[in-house]
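What follows is a short report on a single structure.
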Amino acid sequence: MRNVIIIGSGPAGLTAALYAARANLEPLVIEGLESGGQLMLTTAVDNFPGFRDGIMGPALMAEMRAQAERFGTEIRAGDVTGVELGSPPFTVRLSDEAIETRALVIATGASARLLGLPSERTLMGHGVSTCATCDGYFFKEKPIIVVGGGDSAIEEATFLTKFASQVTVVHRREQLRASKIMQDKAFANEKIAFEWNSELVEIKDVDAGVVTAAVVKNTQTGETKEIAVEGVFVAIGHTPNTTLFEGQIELDANGYIVPGEGARTSVPGVFACGDVQDHVYRQAITAAGSGCMAAIDAERYLEA
């Protein structure tokens, strides 16, 4: 029987672990198959407070992990295969065992939807990004493209015009799905151009290790063309990692955990933090903040 099990090892999960460990709750972190979360896919992180010269994403996660372990957090490799949240104690199932816990913190995050191109993965963090707020600063006076046509894509494209010399939106249809006010804003922006009925089929240059161009294909004519760019932002949405919890906890229409007061969820004793319950901010610092909230809420729940 554990006091607290934390599922997930990104900024939210490790901050929750740090606070729970310092409260002598001896937390167990199940780190998941993608240890460290989305920051493991990025390079320089310049907007996390306390690192004035920036820090590499994996290095930041290594520091957070070591800090949590320093106070007694146990971190276990592996993936959770199932949970039973009917009533406490809750059961967390791994491939080789089942563990009971008095309180549970869900920090499983969300996964950015990708196009599935081999070059996309290879160049992630080297010109390819899924977060304009995180990486826009690195593209001052550089041409870039944004893939997508929804609110998030157009919001990112508009934001990126603060830095980039030119932003080309690549959308597979001939009209955007974004709200009219967002569209009007984008159409009025001289820095934003559009490639309609087009899809990104290749990102160059893998051999050079940086983005030098994007190859787009017209979905109607089949013709391809190369656009010289130095950055590619994929903005086709995120998928919260909540499959484990379907039918056991309240989720919204998009699959995100519905947050209650603080970090509480619809199940007493179960708390959620980070991107699994946040589809608005999706930043390492906000994830860490909500991890702190989840640990404090869990501690107060156990005391009561």
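The values are calculated or read from the model by the stated rules, or taken from the named source; none is laboratory data. Given the structure is predicted, the values throughout are model-derived calculations rather than measurements. No Cβ is skipped: glycine too gets one built from the backbone with ideal geometry, and neighbour counts run over all protein chains shown.
Worth a mention:
- Subset tally (residues that are under 17 Å from GLU199 (Cα atoms) and not in a loop (DSSP other than H, G, I, E, B)) for the range 168-188: 3
- Filter result for GLY50 (free of Cβ contacts under 8 Å to residues at least 12 places away in the same chain and over 25 Å from SER290 (Cβ atoms)): no
- Pick from the range 262-285, criterion in contact (Cβ under 8 Å) with a residue 40 or more places away in the chain and assigned to a strand (DSSP E or B), ranking: farthest from ALA112 (Cα to Cα): VAL270
- Residue in the range 12-32 that is touching a Leu at 6+ places or on another chain (Cβ under 6 Å), farther than 15 Å from GLN283 by Cα and not assigned by TED's automatic domain parsing to the domain that holds MET124 present: no
- Pair list, Cβ < 8 Å and 6+ apart or interchain, from the range 286-304 residues that are touching a residue at least 24 places away in the same chain (Cβ under 8 Å) and of a type outside the set (A, V, I, L, M) to residues that are outside any helix (DSSP H, G or I) and surrounded by fewer than 17 Cβ atoms within 10 Å (Cβ to Cβ): ASP297/GLY262; TYR301/PRO268
- The residues listed here are THR101, THR122, THR91, THR108; of these, the one that is over 24 Å from PRO49 (Cβ atoms), free of Cβ contacts under 8 Å to residues at least 40 places away in the same chain and of a type in the set (Val, Ile, Thr) is THR91.
- Residue in the range 149-168 that is of a type in the set (A, V, I, L, M, F, W, C) and more than 26 Å from the chain's Cα centre (by Cα) present: no
- Considering residues of the range 10-33 that are in contact with a helix residue (DSSP H, G or I) (Cβ under 7 Å, 6 or more places away or on another chain) and outside any helix (DSSP H, G or I) only, the residue surrounded by the fewest Cβ atoms within 10 Å (Cβ to Cβ): ALA23
- The lone criterion from (1) modelled with pLDDT of 95 or more; (2) under 24 Å from LEU123 (Cα atoms) left unmet by THR265 is number (2).
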